[in-house]
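Below is one structure, written out as structure tokens, with a few remarks after it.
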Amino acid sequence: MAQDLYQHPDYYLLDELLSDEHKLIRDTVRTWIKKEVSPNIEKWAQENTFPKHLVPQMGELGLFGPTIPPEYGGGGLDYISYGVMMQEVERCDSGMRSTASVQGSLVMYPIYAYGSEEQKRKFLPKLSSGEYLGCFGLTEPDSGSDPGSMITNIKDAGDHVILNGAKMWISNSPYSDIAVVWAKDEQDIIRGMIVERGMEGFSTPEIHGKWSLRASCTGELVFDNVKVPKENIFPHVQGLKGPLGCLSKARYGIAWGALGAAMDCYDSALRYSLERKQFGKPIASFQLQQKKLSEMITEITKGQLLLWRLGVLMNENRATPAQISMAKRNSCEVALNIAREARQIHGGMGITGEYSIMRHQMNLESVVTYEGTHDIHLLITGFDITGINAFK
Ligand code: TGC
Ligand code: FAD
């Protein structure tokens, strides 16, 4: 990748809505990204390598569980801090943001919100520091958008349960020390539990051949009569609202993150269009290119305003899952459109690893699908405004 010259677009002076602490957090993450990630991200993505060595550094920076209270190793920060962090990371690479959002929102959050005091004390500090890496197993080969149809199950066996089944498309799974797994009990009630690497019958094969999120590792979780101690089961939640509650936190971070990818594409396209000359003039001087750039910054600005307001509602504990869905869907759509347009502005150079555009575009194809597809989030909004469920 060419030298990382990123400067975030702020057309409506939204930085004025951020506190000094928010800006300091953002600058700290940006400096780390420019020093440790940007110089190598293209290589890792091309080689399909997960930079595991960055996990403890991410922990040290506070990227894991920023909103979890400090007594459990979290950052004790607000949701706008969490948002700007995810935005800085994803403007570099969605796969890196995946690592952070899975660890913070899908592994640490359920342990914090649904776990026993022993589970919190045992796992949260290690996850927060990056000593442990975790993953989240909800999706199955035959159960994606409809997670309530899962068949992974547990059977009571005294002081433990026997877990059988398989999870598919699990971010971080091949490198994970623990997995937060959702399975049905003998009464068909969804329960959450912590499965630890080394438990007999538990394996995490990698999924190969992805064209997207190549600097993030994706795998399966396979459970073959795994004995899970009952003390690893979450005592404080039952039913689908358990995993869906975690998804609300992660989708919020993705909404900020995906817009970060859009901001990076715009920033790169603006700079390139001013430098690149054709017909004796910078291509930025042609109306067609200005139209593209103007529409990009308009959509980015609208998205930034939406995210800021959502962050305020999150801080006040007033954000609804449907509002989060709208933001996740909007950011992904805006980002994918901007990545495609930015790719064209870069001409042939846009398909190379000299620029981040093509990598963003390929990554965003996963981001628009995971944590609820574009269609599912549209239907969540439809249900919310009409009261009519069009899923089933
Ligand atoms: P439904 O009957 O609507 O809901 C069941 C219960 O859950 C509650 N609920 C929520 N609670 C908190 N947050 C949310 N977002 C919630 N959505 C629903 C709901 O109130 C109800 O509670 P209760 O008390 O009445 O039981 O469930 P449904 O079966 O009709 O499904 C609805 C649907 C389709 C919206 C939902 O299942 C869905 O969101 N599907 C998409 C699946 C999905 O997002 N999977 C993501 C897997 S994880 C992942 O992709 C990680 S990628 C990470 C990375 O690398 O960054
Ligand atoms: P399907 O549910 O089969 O959907 C296929 C198509 O049908 C989609 O276009 C969808 O919108 C449409 N569709 C489905 N139902 C409806 C409906 N009712 N109305 C209209 N259209 C509908 N999962 C985890 O649990 N943990 C992870 O860490 C994780 N990481 C992932 C990482 C990557 C790189 C990817 C690609 C996925 C990951 N996932 C993870 C899984 C992800 O959440 C699912 O892929 C996603 O929820 C969609 O499920 P599916 O792929 O089975 O598609």
Handout entry: Whole-Hz couplings from phi, Karplus 6.51/-1.76/1.60, listed for the stretch 232-238; x for Gly and Pro
Key = 8, 7, 5, x, 10, 8, 9
Handout entry: Qualifying trypsin sites (Lys or Arg not before Pro) in the stretch 299-336, DSSP loop, other Cβ atoms within 10 Å at most 11
Key = Arg318
Problem - Neighbourhood net charge (14 Å Cβ-Cβ; Lys/Arg +1, Asp/Glu -1) for Pro56 - result: -2
Handout entry: More than 19 angstrom apart: percent of Cα pairs within the stretch 234-293
Key = 56 percent
Problem - the chain: calculated mean residue ellipticity at 222 nm from DSSP helix runs of at least 4, using -39500 (n - 2.57) - result: -15500 deg cm²/dmol
Completion exercise
Note to self: Kirkwood Rh of the stretch 241-386, Cα pairs, one decimal, Å, is 16.1 Å
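For the stretch 239-281, which chymotrypsin sites (Phe, Trp or Tyr not before Pro) are both in a DSSP coil and crowded by at most 16 other Cβ atoms within 10 Å? Provide the component values of the computation, followed by the final result.
Numbers: sites: Tyr252, Trp256, Tyr266, Tyr272, Phe279; in loops: Phe279.
Qualifying residues, ordered by number: Phe279.
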Practice task
Starting from the Cα coordinates of the stretch 167-315, work out the convex hull volume and express it per residue in Å³.
Solution key: 164 Å³
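Once you have a ≥ b ≥ c as the square roots of the Cα gyration tensor eigenvalues for the stretch 58-106, tell me rounded if a/c is under 1.5, and otherwise prolate or oblate according to whether a/b is larger than b/c.
prolate
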Practice task
Pairs of Cα atoms under 8 Å, at least six residues apart: use those to get the relative contact order of the stretch 134-232, whole percent.
Solution key: 33 percent
Problem - For Met358, net neighbour charge (Lys/Arg +1, Asp/Glu -1) across residues whose Cβ lies under 14 Å away - result: -2
Exercise for the section: Give the Debye-formula value of log10 I(q)/I(0) at each listed q (0.06 Å⁻¹), with one equal scatterer per alpha carbon of the chain, two decimals each. Expected result: -0.23
Handout entry: Only Lys, Arg (+1) and Asp, Glu (-1) charged, at Cβ; the stretch 1-137 dipole about Cα centre in debye
Key = 440 debye
Exercise for the section: Take the Cα of Tyr12, step 7 Å along the line toward its Cβ, and report every residue of the stretch 229-257 whose backbone nitrogen sits under 18 Å from that point. Expected result: 255-257
Exercise for the section: For the stretch 66-83, take each phi angle, set θ = phi - 60°, evaluate the Karplus expression 6.51 cos²θ - 1.76 cosθ + 1.60, and give the result in whole Hz per residue in order, putting x for glycine and proline. Expected result: x, 8, 6, x, x, 4, 9, x, x, x, x, 9, 8, 6, 6, 4, 4, x
Exercise for the section: Could you please report the charge total around Lys249, scoring K, R as +1 and D, E as -1 over all other residues with beta-carbon less than 14 angstrom from its beta-carbon? Expected result: +2
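Classify the stretch 104-232 as rounded, prolate or oblate, taking a ≥ b ≥ c as the square roots of the eigenvalues of its Cα gyration tensor: rounded when a/c is under 1.5, otherwise prolate if a/b is larger than b/c and oblate if not.
It is oblate, given that a/c is not under 1.5 and a/b is not larger than b/c.
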Problem - Sparse-neighbour loop sites [GluC sites (Glu not before Pro); the stretch 162-220; at most 14 other C-beta within 10 Å; DSSP] - result: Glu186, Glu200
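Can you classify the stretch 14-129 as rounded, prolate or oblate using the Cα gyration tensor, where a ≥ b ≥ c are the square roots of its eigenvalues, rounded means a/c under 1.5, and otherwise it's prolate if a/b beats b/c and oblate if not? Provide the component values of the computation, followed by the final result.
On the way: a/c = 2.25, a/b = 1.24, b/c = 1.82.
Because a/c hits 1.5 or more and a/b fails to exceed b/c, the stretch 14-129 counts as oblate.
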Practice task
Between the alpha-carbon centers of the stretch 231-267 and the stretch 295-347, tell me the distance in whole angstrom.
Solution key: 15 Å
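Each value in this text was obtained by applying a stated rule to the coordinates, not by laboratory testing. The structure displayed is predicted, hence computed values, not measured ones. Virtual Cβ from ideal backbone geometry, glycine too; neighbours counted across all protein chains shown.
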